[in-house]
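The values are calculated or read from the model by the stated rules, or taken from the named source; none is laboratory data. Because the structure is predicted, anything quoted here is derived from the model rather than measured. Neighbour counts run over all protein chains shown; Cβ positions are idealised from the backbone, glycine included.
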Amino acid sequence: AGKTTLMATLAGERKPAAGHVKLGHNGKIGYLSQHADSASGDGTVLEAAARETGLVGQKVRDLLGAFQFSGEDVNKQLTDISGGEQRRLSLAILVASGANLLLLDEPTNHLDIESREALEDALLGFPGALILISHDRALLEAVGSRTLVCENGELANHLTGWAEYQKRRDEKEEIEQERAAAASRPAGKSANAKRRGSPGKEVARARRRVENLEKKIERAESDLAKLEDELADPAAWSTPGKTEAATRRHDEAKAKITSLYAEWEEADQLAREVAEAATI
C-alpha cells in the first residue's frame, strides 16, 4: 500500500506528509506513473518522439524500433494508437529524455511479451539510476540490483535483486531457527546419546552456508576486479552521465562485497556455535 503515492512524492507531484525529498546534485527525474502517459497531443508517433526527445532522423527511428515501432507504425496518429502502443511510446520518450533517475510505476501495464522484453533491454542499458515498482517478477529479477524493503516501520536497503533478497531472507530465518535450536538443546547423558546418533545435519548445513558464502565472495571480488579493469578505460568516464554510472557501479560492487562478508561472519559464528553444541 502507498507505492504509487511514494513514487508521486519522489517525483515532486505530491507533497510529503512529513519531512522532505532532496534530489541529488545534477539529478534529473523521469517519471512514468501507473496510468498516465507522457506522449500526448497531435501528430504521429515519429513526430511525438522527435518533439519530446530532440532526436532526429535515424536516431529517433532507432529509438522507436527498440520499442517495437517499425515500418508504418511510426506514422500512426497519436489519436489512433492502442493503450499498449501509448505505453511503449511513453517509455521510449522517457528513456531518451536525458533523465538520470527514472521512476517507473508498473511500467509493464498494457505491454505484450515482446514489448516487455524491449523494455527490459532498454532498462538494462540505461546508465542512470532506476526506482521500479512492479508486480512483474521477471522484470524485477532481470533489472533489479537493489531492493528496498519496508518492514515494521523501517526501510532496509538490500544490495541485491528481488530473487536474491528472498533467498537471503529465507536463509537468515533458517540461521535464526538453527541458533535457537542450538541454544535450547538440553544437556545430559540422554541428550549426548541422542546427538551421538545424529548424522550431524545441522552442522553440515551450517558449514555449507559458510562455504556457499565464500564462493559468492570469491565471485563478487572477481566481478569487482573485472569492473575495475573496464573502468580503467578513459571512455568509461568521458561524459558526466558515464562518470555517474561508473561511480555507481563501482560503489555497488564494493558494497556487495562488504555485505557478503558481514553475512559470512554471521554464518561462520553460527557454524561454530552449532558445532560446539553438537559436541556437548
(message) If the requirement is being in the same structural domain as Glu178 (by TED's automatic domain parsing), within 25 Å of Leu123 (Cβ to Cβ) and either touching a Leu at 6+ places or on another chain (Cβ under 7 Å) or not β-branched (Val, Ile, Thr) (or both), which of these qualifies: Lys215, Lys254?
(response) Lys254
(message) Need a quick list: strands (runs of 3 or more DSSP E) entirely within region 112-170 having at least 1 residues that are closer than 23 Å to Gln86 by Cβ and at pLDDT 85 or above.
(response) 129-133
(request) Give the residue, chosen from Glu173, Glu164, that is under 30 Å from Arg209 (Cα atoms), crowded, with 16+ Cβ neighbours inside 10 Å and among the charged types (D, E, K, R). (result) Glu164
(message) I'm trying to understand the selection: among the residues of region 203-259, which are among the hydrophobic types (A, V, I, L, M, F, W, C), closer than 20 Å to Arg169 by Cβ, surrounded by 17 or more Cβ atoms within 10 Å (Cβ to Cβ) and in contact (Cβ under 8 Å) with a residue 60 or more places away in the chain?
(response) Ala206, Val210
(request) Any chance you could count how many residues in region 69-82 are exposed (fewer than 12 other Cβ atoms within 10 Å of the Cβ) and outside any helix (DSSP H, G or I)? (result) 2
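Conditions (1) in contact with a Pro (Cβ under 7 Å, 6 or more places away or on another chain); (2) buried (at least 18 other Cβ atoms within 10 Å of the Cβ), marked per residue:
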position: Arg51; (1), (2): no, no
position: Phe67; (1), (2): no, yes
position: Arg88; (1), (2): no, yes
position: Leu119; (1), (2): yes, yes
(request) Report, ordered by the first and then the second residue, all pairs with beta carbons closer than 7 Å, sequence separation of six or more or different chains, a first member in region 159-178 that is within 21 Å of Ala206 (Cβ to Cβ) and polar (S, T, N, Q), and a second member that is modelled with pLDDT under 80 and buried (at least 16 other Cβ atoms within 10 Å of the Cβ). (result) none
(request) Within region 81-119, track down each residue that is within 18 Å of Thr4 (Cβ to Cβ) and of a type in the set (Lys, Arg). (result) Arg87
